[in-house]
Every structure is written in structure tokens, then in C-alpha cells.
Amino acid sequence: MARAARASRTMTSLLATGALAATLALTGCSAVNPITTDKPYSPSDGVRLELDGQVSAANLMVVSANRDGPGVLLGALTNRSATATTVTITNKVLIEGLAPPPADAEFTLKVPLAPNQTVLLGTKDGVHTSVPMLNAPLGGLLGLEVSTPESGTQSVSVPVLDRTLPEYSTVVPSPSAS
């Protein structure tokens with residue numbers, strides 16, 4: 001009987017040790033790996049850009065009915081600082097393999113941002129962001145420069161999407177209207 005009790009304690013001790021080892025191994029995984037949801041990311045079809053620690057652009061993209069027609073710049077600009085600023089967006093960036101935009105297709109958009117404000121671009125209630133004739137194929141990239149007086153200028157390549165996805169079908173005029 002003593003032998004059975006000792007065997008039972010040994011088995012219980014081994015199981016407890018194994019469970020402890022498994023628990024430590026599994027918690028060790030999260031201790032050395034970064035938590036992905038703590039990092040900024042682009043949750044949709046557009047791209048994200050951090051201008052500095054206070055101003056960012058999220059989900060930047062252009063939606064158009066066709067390559068030679070107008071498009072609409074979509075996204076959001078956020079100012080997390082305590083001072084107002086102005087974000088300037090231009091399409092003067094050259095992307096390798098594409099011709100520069102024609103002079104009549106260049107655009108400059110200036111968006112004032114109050115302290116702790118987010119402004120939506122291209123939505124019915126947001127800032128109108130018409131892009132004249134595009135110089136990028138649908139499914140391709142359009143080069144933009146985004147800047148503030150405080151952070152300087154950064155270049156970013158944003159995707160050019162067509163209106164086939166339901167969420168973008170009403171954003172731009174139909175090809176016959178452009």
C-alpha cells in the first residue's frame with residue numbers, strides 16, 4: 001500500500017512538473033514575441049504613413065473609374081499634438097517605370113488640422129479630394145508627397161483602385177460621366 005501511495009505521489013509530481021514546464025514554455029512565447037496589435041497597421045486597402053510622432057495618414061488610396069479620368073483620394077489625417085498644423089499632399093512624386101504627371105494633372109491639397117483632430121478625405125462628409133487625370137494604371141500605384149511644416153516631406157506610393165468593390169462603387173463618377 002505504501003508503494004502504491006508513493007507511486008501515486010511520484011506520478012502526480014511528474015504531471016505537475018510537466019504542466020508547469022508547458023505553462024512556462026507557452027508564456028515564454030508571448031514574452032519574447034511582439035504583440036502585433038500594438039503596432040500601427042493599415043486595416044484596409046490603403047497605406048499608412050507616420051509623418052512624425054504626432055501627425056499620421058491612414059488608409060491612403062485613390063479610387064478611379066479609369067486611368068485617364070479623375071480619381072478621389074481617400075484616407076484620414078490625424079493630428080495628435082496640442083498645436084494646429086497643415087498637411088500638404090501633392091502628386092509630384094515619380095514612380096519608376098511611370099511618366100511624370102502632365103502639368104494639368106498635378107494637384108496640391110492643403111488640409112488644416114486642429115489639435116487632436118482627425119479629418120476624413122474623400123468622403124461625403126469629409127474634405128473633397130478630387131485628383132485630376134491619373135498617371136497610374138488601375139491596380140497600380142500613384143506617388144504622393146505628404147508634408148507638414150514641422151515634419152518635412154515624405155514620399156508614399158498609394159494604391160489606385162477601381163470602382164468594382166461595393167464600398168468604392170459610389171465614390172467616383174461612372175466612366176461615362178468622367
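The values are calculated or read from the model by the stated rules, or taken from the named source; none is laboratory data. As the structure is a prediction and not an experimental result, all values here were calculated from the model. Don't worry about glycine lacking a Cβ; one is built from the backbone with ideal geometry, like all the others, and counts go over all protein chains shown.
For Ser81, the requirement of being modelled with pLDDT under 90 and in the same structural domain as Glu167 (by TED's automatic domain parsing) is not met. Note on the stretch 84-119: among residues that are buried (at least 19 other Cβ atoms within 10 Å of the Cβ) and over 23 Å from Ser44 (Cβ atoms), the one that is modelled with the lowest pLDDT is Pro101.
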